[in-house]
1. What distance in nm lies between label points placed 7 Å from Cα along the C-beta direction at residue B:158 and residue B:3?
2. Once Lys and Arg get +1 and Asp and Glu get -1 on their Cβ, which of A:73, A:167, A:39 lies farthest toward the positive end of the dipole of chain A?
3. What helices in chain A pass both tests, a Cα length along the helix axis of 30 Å or more and a mean Kyte hydropathy of 0.0 or higher, using whole DSSP H runs?
4. In nm, give the distance between the simple-model label positions of residue B:133 and residue B:98, each being 7 Å from the Cα along the Cα-to-Cβ direction.
5. Tell me whether the stretch A:139-183 comes out rounded, prolate or oblate; compute the Cα gyration tensor, take square roots of the eigenvalues as a ≥ b ≥ c, and use a/c under 1.5 as the rounded threshold.
6. Evaluate E = 1/(1 + (r/R0)^6) for residue B:75 and residue A:49, where r is the Cβ-Cβ distance and R0 equals 30 Å; express this FRET efficiency to the nearest 0.05.
7. Determine the shielding of peptide B:18-29 by partner chains: average, over its residues, the number of Cβ atoms on other chains within 10 angstrom of each Cβ.
8. What's the FRET efficiency of residue A:169 with residue B:15 using the Cβ-Cβ distance as r and R₀ = 25 Å, to the nearest 0.05?
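What follows is calculated from the coordinates using simple rules that are stated; it is not laboratory data. Computed from a predicted model, the values in this text were never measured in an experiment. Because the Cβ atoms are built from the backbone with ideal geometry, glycine has one as well, and the counts that use them run over all protein chains shown.
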Amino acid sequence: MDETGQPPKIGALDIFLAFAQISISGFGGVLFWAHRVLVEQRRWLSDREFVDLLALGQLLPGPNVFNLSIMIGDRHAGLRGVFAAMAGFMGVPFLIVIGIAMLYQRYEALPLVQSGLSGMSAVAVGLLIANGIKMAMVLPRHWRPWLFGLLAFAGVGALRWPLIGVLAVLAPLAVATSWRRGR
Amino acid sequence: MERADILALFLHFLMLSSMAIGGTQTVMPDMHRFVVDAHGWITGKQFADAYALAQAAPGPNVMYVTLVGWQVAGWMGAVATTLALIIPSTVFTLMFARVSARNPDAPLGRAIRRGLAPIAIGLTLASAWILVRSVNHDWRGYLATVLTVVIATRTGINPLWLILAGALAGMAGLV
């Protein structure tokens with residue numbers, strides 16, 4: 001809000017810059033920066049709105065913060081805003097990551113690069129497991145959700161079945177179960 | 001790489017990202033299955049490298065999808081997998097946001113979220129499993145992984161520091 005009490009107009013360029021900032025700052029994850037930039041610095045969203053939009057983003061396929069960026073772009077500047085959000089959030093990191101890929105291709109064979117990458121991989125796997133554990137902390141203490149999680153892990157991870165088949169069976173069952181219990 | 005292969009890559013990733021509820025790490029096992037096991041376009045090691053590099057790079061972690069595309073087919077592959085990643089996400093979000101953005105706590109939405117959460121967790125751990133199997137670590141690699149899990153779940157440390165420590169430990173021959 002400025003002094004006249006009017007909310008400031010948020011244009012496509014602002015949206016591009018905000019999401020480029022979030023995206024590039026996001027070493028090892030962007031959620032922290034999304035909150036910092038959108039809620040604390042630019043005040044485009046309240047805390048409550050942020051959580052609501054994020055929950056919505058989690059329901060939709062794809063990266064959660066990316067979905068959030070699309071919603072905010074659309075809300076403030078329509079389709080232009082959507083493209084601005086996309087270009088900021090994905091476009092800039094796209095170029096950076098390609099630059100890294102070129103370096104990788106050139107130096108991949110060097111022993112030092114190899115050993116550094118193997119250390120990084122070991123950590124990256126650990127971060128992924130930690131991510132899964134944190135998500136699991138909020139599950140209800142009941143065997144049913146754990147069973148669905150275990151079946152998903154076994155089918156896709158251990159048995160390497162195609163995801164589409166596993167989800168086609170598990171997802172409707174899981175949603176129906178939680179729907180019946182939630183009522 | 002043939003044009004038909006790039007189209008196949010694009011279409012498969014398009015289908016996967018339409019199903020990526022709970023984050024893009026949930027479809028990683030199937031991406032791996034498609035490009036490494038089914039087609040042999042890249043090795044499991046290259047796949048794991050792409051994932052590790054994307055974690056270290058500035059930008060969202062999902063950029064590993066772009067890197068996998070790049071490793072399979074250069075610029076064309078990178079563009080194909082990146083577009084496949086963002087198109088379904090954007091379309092679904094716009095449709096959903098315009099229809100019912102006001103009510104994320106509607107009973108059906110809640111049932112879907114709660115029902116799918118454990119599956120997303122199972123798939124996230126499946127992704128970790130696939131990555132572990134792709135890199136030939138000895139016990140020191142596993143120790144680094146376990147240490148990371150402990151530190152990352154117990155502290156709020158920025159993950160980048162851990163990745164940097166991993167790279168240094170690797171270069172020093174510790175991992």
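1. The two pseudo-label positions are separated by 4.6 nm.
2. Value: A:167.
3. TM-like helix candidates: A:111-137.
4. 4.2 nm
5. Verdict is oblate for the stretch A:139-183.
6. 0.20
7. Per-residue shielding by partner chains comes out at 6.
8. 0.90
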